[in-house]
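Everything below concerns the one structure shown next.
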């Protein structure tokens, strides 16, 4: 099975590289399809596979469950379940970050304003999504954002 500590250590650089790729994809249109496929499907898919394997091992924690705060605390006392929970956050936040980058072109939100949304989505999930949705609302009805590569 997967060792939670090793799996955790391996995921960090991959996820950080994926977030850097998203910022790169904001400005380099030819790289966008590859970066978005990687960050929206490949990395979250790998995290999901690791999640399933880790949660399978970690669900045996005595007194663990989802019915109370105490049960959740007991569930995450197991390292496998704890890392699985972390991967849950990483996979969904990266998926949301990829959606933000994919959506920004059609929404009219300039790429420079999208940049702060991405670290917020990485570090504080819903906060980055909330900022992007507010920007999307503010730019509603405006022409799609011109990125540097389209301004010739």
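The values are calculated or read from the model by the stated rules, or taken from the named source; none is laboratory data. In this text, all values refer to a predicted model and were calculated from it rather than measured experimentally. Cβ atoms come from the backbone with ideal geometry, glycine included; neighbour counts cover every protein chain shown.
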**Asked** Restricting the first residue to segment 109-137 and requiring it to be at negative phi and touching a residue at least 60 places away in the same chain (Cβ under 8 Å), which pairs with a second residue that is outside any helix (DSSP H, G or I) and buried (at least 18 other Cβ atoms within 10 Å of the Cβ) meet a Cβ separation below 7 Å and a spacing of at least six or different chains?
**Response** 111/145
**Request:** Would you mind stating whether residue 109 is at pLDDT 90 or above, under 30 Å from residue 1 (Cα atoms) and either out of contact with any strand residue (DSSP E or B) (no Cβ under 6 Å at 6 or more places or on another chain) or part of a helix (DSSP H, G or I) (or both)?
**Result:** no
**Fill in**
(1) without any contact (Cβ under 8 Å) to a residue 60 or more places away in the chain; (2) assigned to a helix (DSSP H, G or I) all hold for residue 65 apart from (2)
**Complete:** Of (1) in a helix (DSSP H, G or I); (2) at pLDDT below 90; (3) closer than 26 Å to residue 59 by Cα, residue 77 satisfies every one except (1)
**Prompt:** Got a number for residues in segment 17-34 being in a helix (DSSP H, G or I), touching a residue at least 60 places away in the same chain (Cβ under 8 Å) and within 20 Å of residue 113 (Cβ to Cβ)?
**Reply:** 8
**Fill in**
Quick count over segment 1-33, residues being more than 13 Å from the chain's Cα centre (by Cα) and surrounded by fewer than 12 Cβ atoms within 10 Å (Cβ to Cβ), is 7
**Request:** Residue by residue through segment 58-74, note down the ones that are surrounded by 12 or more Cβ atoms within 10 Å (Cβ to Cβ) and either modelled with pLDDT of 80 or more or more than 18 Å from residue 5 (Cα to Cα) (or both).
**Result:** 64, 65, 71, 72, 73, 74
**Prompt:** Inside segment 40-62, can you point out the residues that are touching a helix residue (DSSP H, G or I) at 6+ places or on another chain (Cβ under 7 Å), in a helix (DSSP H, G or I) and free of Cβ contacts under 8 Å to residues at least 60 places away in the same chain?
**Reply:** 43, 44, 47, 48, 50, 51, 54, 55, 57, 58
**Message:** I want to confirm something. Restricting to segment 116-143 and keeping residues that are part of a loop (DSSP other than H, G, I, E, B) and loosely packed, with under 14 Cβ neighbours inside 10 Å, which single residue is modelled with the highest pLDDT?
**Reply:** 116
